[in-house]
Amino acid sequence: MSDISTTQATGRLRRPLMTLLQGLFTLALTLVGLLLITFALSALSPVDRVLQIVGDHASQATYDQVRHQLGLDRPLPVQFWHYLTNLAHGDLGTASATGQPVLQDLLSTFPATLELATLALIIGSVLGVIFGVLCARFAGSPWDLAVRTFTLLGNSVPIFWLGLLMLALFYARLQWSAGPGRLDDIYQYSVEAKTGFVLIDTWLSGDRDAFFNAINHLVLPVLLLAYYSLAGITRLTRTACLSEMNKEYITLARAKGAGDMTILVRHVLPNIRGTLFTVIALAYTSMLEGAVLTETVFSWPGIGRYLTTALFAGDTTAIMGGTLVIGMSFVIINNLTDVLVRVTDPRVR
């Protein structure tokens, strides 16, 4: 009996370890694939990186020298190994548009996008789950129809058009909110950027006026992105709740006298938490990679606007670095979501 118990205990310990190793192996393969894609973007790009540096009027000798310094005269496998080596040392190259290391540019722009997307996700996910539950509770009612129409518009109206409309109405006409940018000019150069997050930096500066000015600048872009995330989260929460309402355990709960709202909150929501975590994670990654138009409309100095500028300038080095950061964020968030679902849902384990 003791040998059987020992074998069972060893099996219970071995299963989580194998799951962890499998997850790490999958993560490593995904990151290698991401590195191959970003390298291919540079290698197959029609833009000549050497001409961007030396100019159109440089001599052939100068052109060949710079091409050799960049390693572009070597075979592609050697270039890829050189790319991995530089990446391991934190060297993403130098952006031709700014003349600064790409890593330094990304460290100054990515926090702005992260701050914007995180605040929008908090508002969009909380309201989206609440609206979805209420729509499932009052399915077919005028409330349900109104919310579904509201969310349908969120997926149909172009985000840049709605952003311009919000600026024209709430900033230019009514003057209820601040305009584009993260801070007014009076605070822009007086607040030290310690973390890159404007709310934290203005709070640490001790200037209350700058802090509230930062909040005022965040209102419109955050609400705009939250509206688009809210639309998808609401619809999927409603659908998941309604699909659970026809199962046997719901019939049993009703037979015991539980009300519909009690059933939704205490029984349905815990059973669809895996779906909710996945939907919210997808909304988060979509905002991190898809905030380009929002950042452009509101002159928000995030990674989306940085990539747009690099794209128009043909700066492949900056595009590679930005794509790598967004792709790694996508991979990390998805893997953390899988872990969270496994930890919180015993059915998955």
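Only the coordinates and a few stated rules stand behind these numbers; no lab work does. Please read all numbers here as calculations on a predicted model, not as lab measurements. Heads up, the Cβs are rebuilt from the backbone with ideal geometry, glycines too, and the neighbour counts pull from every protein chain shown.
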Revision key, fill the gap. Here the Kirkwood hydrodynamic radius of region 159-212, Cα-based and in Å, equals 12.4
Practice item. Let me know the volume per residue of the alpha-carbon convex hull for region 153-301, in Å³. Key: 156
Review point. Membrane-span-like helices in the chain: DSSP H runs reaching 30 Å or more (Cα, own axis), mean Kyte hydropathy at least -0.5?
Key: 2-43, 102-137, 208-244, 316-344
Exercise for review: Quick one: grab the alpha carbon gyration tensor of region 37-143, order the square roots of its eigenvalues as a ≥ b ≥ c, and give me rounded if a/c is under 1.5, else prolate or oblate depending on whether a/b is larger than b/c.
Suggested key: prolate
Point to revise | Loop GluC sites (Glu not before Pro), region 155-252 (other Cβ atoms within 10 Å of the site Cβ: 14 or fewer; DSSP) | key: Glu192
Study note, to complete from the structure: With no solvent term and unit scatterers on the alpha-carbon positions of the chain, Debye gives log₁₀ I(q)/I(0) at q = 0.06, 0.08, 0.09 Å⁻¹ of -0.32, -0.56, -0.69
